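K.L.:
Sending over a structure as structure tokens; questions will come in a sec.
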Amino acid sequence: MESNELIIEVENLAKRYGRTTAVNDVSFSVRRGEIVGLLGPNGAGKSTTMKILTGFQQASSGIVRICGIPVAARPMETKRRIGYMPENNPLPEDLRVREYLGWRARLKGLRGRRRRERIEAVLELCDLKRARRRIIGRLSKGYRQRVGIADAILAEPDLIIMDEPTIGLDPHQIVMIRRLIESIRGRMSMVISSHILPEIEMTCDRVLIINGGRIVAAGTPEELRHKFIDRTIYEVEIQGETDTLKGELASLNTALTLESHEPPNRDGYFVARVRAEGTEDWGEALIQTLGQHPGFRLRSLNRRQPTLEEVFLAATRRSWDTLLPERNGDVSREQRKPTMAREGR
Amino acid sequence: MGNFLTLLRNELRALLISPSTYIAAFLFLVIMGFVFQDLLAEFIRTESDTAPATDFIRLFWLPAFFLVPLFTMKSIAEERRLGTIETLMTTPVNSVEVVLSKFLAAYLYYMVLWASTLSFQYVLYTFAKEPSLLDTGPILGGYLFIALSGSLFIALGILASAVTRSQLVAGILGFALVFLTLVLGRYSVEITRHETEPSVLLDRLVDYVQIFQHGEDFTSGIIDSRPFVLYLTGTILLLFFAVVAVETRSSKT
């Protein structure tokens, strides 16, 4: 992206708690200015990975470098370069917003005029100016979340790590947080975990999907779609016989099948979902064939973008299959999930 | 060092804005006030060779029992319960600074409360106009002893708070630790007396940890260097354990 300087380098990171393995052989890197989303089911190892990045937890094995500095050997230097907002955003209940930020700024080594300027800047950025005198324990969740973000960006660190920044917020507040993240984009690198997928898709340059402590997929949302979704769904609004449609699709190409269709509405049109295996684009062929066919009247054709959700489900499912190869097939997914959830914390 | 002062300032501010600080101070002063008055009444009734001020300081164990766990149970356990230990430890501070600031804040509070009991002596002196009542030697020795033993008790409480995330557990554990420290010394005397072959080393060891005896000595004006070593090294050792607890346990939650 902006530059090739690596802010985070993670090599073969592993974290074990007794016999359970929370993070297993994870490697990735983040460049300066990049926003990376960490996705994964609950207990997949997202929070653990983040805690190791911040130096709060020690890894069992592997190397983590922040701006080229190893976290395990020189934690004080890496901590200076990271702004971290933990899961659930813990804050002291009895301080005022301004007092809290003032204290945090001192801890992060900001002094004098720069300290005051930075506090004013983050209050402005996070829209907290009116709440500066309020006691944190009495703030609503949206405000608290913004206080947490304000603290994370306070010292203008090279890297911001936020664990579930949008959890428990209403849609308005989520949009607000997203704008906030957008306004920081480019200046600092960011690692965000979330399980609200549209969120990640909108804000992140790159996505890492973690499952069972391993990275099962990495890339831009677009790349992941290509990699994990090997079929396309076309939504066709059409008038005519469904049986003829099926036959027509089959004769056009064997890759095309009619997945489902809705009952026709009053004007006789209905929506049919055509499933195309493979990554080839069938849009033009479909318009040509169905448009010229005397038995049909085509009104619209829409290629449905697979959501990140589908990518996520496909990626995690695939990883479950590879993680549990000996039980392949006969164990239903519902039975497997709990065993996966137990790994983690 | 800069971080330590920042942390200490925050701890003191937390103490100042918390209502529980004032409630505990009120309780302490009420109880100690009644105790002092009772000692005075006793002093008038029966002629005693020790001044009431001396007897008062020999009751140091009373607030140590009920107040020290109250002061210290919140310090680290609360940070852990709220999760703020995570935001704290991910800034460039080390756990030594964190533990020391918690310790010093609680210790200063403890000492301020004890210092306020000096007013009792002052009130007594202004009304009694009896110089023998204000015998500065034992009083100075007594408060020095309070300061020394206080550091050990507060360190015990901080250690108790560092090993758990529940304030209740921290409080009970702190109480138990202070209780054991006070009582074990006293009863180990009994135990060694029943030994058939008294060992000199054990006897000396037991003599060394007699906290009550130290109290008597200091209030009689006997200021020995050995108790200094005992309390200071004990405090340092306990705080070191607390630092270890913060470092290892924070990485497991």
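K.L.:
If you scan the stretch A:84-124, which residues turn out to be more than 10 Å from every other protein chain (Cβ to nearest Cβ) and within 20 Å of A:Asp163 (Cα to Cα)?
P.N.:
A:Leu101, A:Val122
K.L.:
Under the condition of being open to solvent by 10 Å² or more (accessible area, probe 1.4 Å) and at pLDDT 90 or above, which residue from the stretch B:114-126 is farthest from the other protein chains (Cβ to nearest Cβ)?
P.N.:
My answer is B:Ala115.
K.L.:
Here is a follow-up. Considering only helices (runs of 4 or more DSSP H) fully contained in the stretch B:1-72, which possess at least 2 residues that are within 14 Å of another protein chain (Cβ to nearest Cβ)?
P.N.:
Per the criteria, B:2-17, B:19-45.
K.L.:
So which residues in the stretch A:169-212 are within 9 Å of the chain's Cα centre (by Cα), in a loop (DSSP other than H, G, I, E, B) and under 13 Å from A:Glu34 (Cβ atoms)?
P.N.:
A:Cys204
Yes or no, residue by residue, for (1) surrounded by 15 or more Cβ atoms within 10 Å (Cβ to Cβ); (2) modelled with pLDDT of 80 or more; (3) in a loop (DSSP other than H, G, I, E, B); (4) not hydroxyl-bearing (Ser, Thr, Tyr):
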| residue | (1), (2), (3), (4) |
| --- | --- |
| B:Glu197 | no, no, yes, yes |
| B:Leu202 | no, no, no, yes |
| B:Asp207 | no, no, no, yes |
| B:His214 | yes, yes, no, yes |
| B:Asp217 | yes, yes, no, yes |
| B:Gly221 | yes, no, yes, yes |
| B:Arg226 | no, yes, no, yes |
| B:Tyr231 | yes, yes, no, no |
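Yes/no per residue for (1) open to solvent by 40 Å² or more (accessible area, probe 1.4 Å); (2) in contact with a Leu (Cβ under 7 Å, 6 or more places away or on another chain); (3) of a type in the set (Val, Ile, Thr):
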position	(1), (2), (3)
A:Phe56	no, no, no
A:Ile66	no, yes, yes
A:Ala72	yes, no, no
A:Thr78	no, no, yes
A:Asn89	no, no, no
A:Leu95	no, no, no
A:Gly102	no, no, no
A:Arg106	yes, no, no
A:Glu117	yes, no, no
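K.L.:
State all residues of the stretch B:157-170 that are part of a helix (DSSP H, G or I) and open to solvent by 10 Å² or more (accessible area, probe 1.4 Å); if no residue qualifies, say none.
P.N.:
Matches in the stretch B:157-170: B:Leu159, B:Gln167, B:Leu168, B:Val169.
K.L.:
Taking the stretch A:51-79 as the region of interest, how many residues are modelled with pLDDT under 90, touching a Lys or Arg at 6+ places or on another chain (Cβ under 8 Å) and facing another protein chain (nearest Cβ under 8 Å)?
P.N.:
Residues in the stretch A:51-79 being modelled with pLDDT under 90, touching a Lys or Arg at 6+ places or on another chain (Cβ under 8 Å) and facing another protein chain (nearest Cβ under 8 Å): 2 in total.
K.L.:
Would you check which residues across the stretch B:18-38 are surrounded by 13 or more Cβ atoms within 10 Å (Cβ to Cβ) and among the hydrophobic types (A, V, I, L, M, F, W, C) and list them?
P.N.:
Across the stretch B:18-38, the qualifying residues are B:Ala24, B:Ala25, B:Leu27, B:Phe28, B:Leu29, B:Ile31, B:Met32, B:Val35, B:Phe36.
The values are calculated or read from the model by the stated rules, or taken from the named source; none is laboratory data. None of the values given here were measured: they were computed from a predicted structure. In this analysis, Cβ positions are derived from the backbone assuming ideal geometry, glycine residues included, and neighbour counts consider all displayed protein chains. Just so you know, the surface numbers come from the protein's heavy atoms only, side chains and all, with ligands and any DNA or RNA stripped out. Shrake-Rupley method; radii C 1.70, N 1.55, O 1.52, S 1.80 Å.
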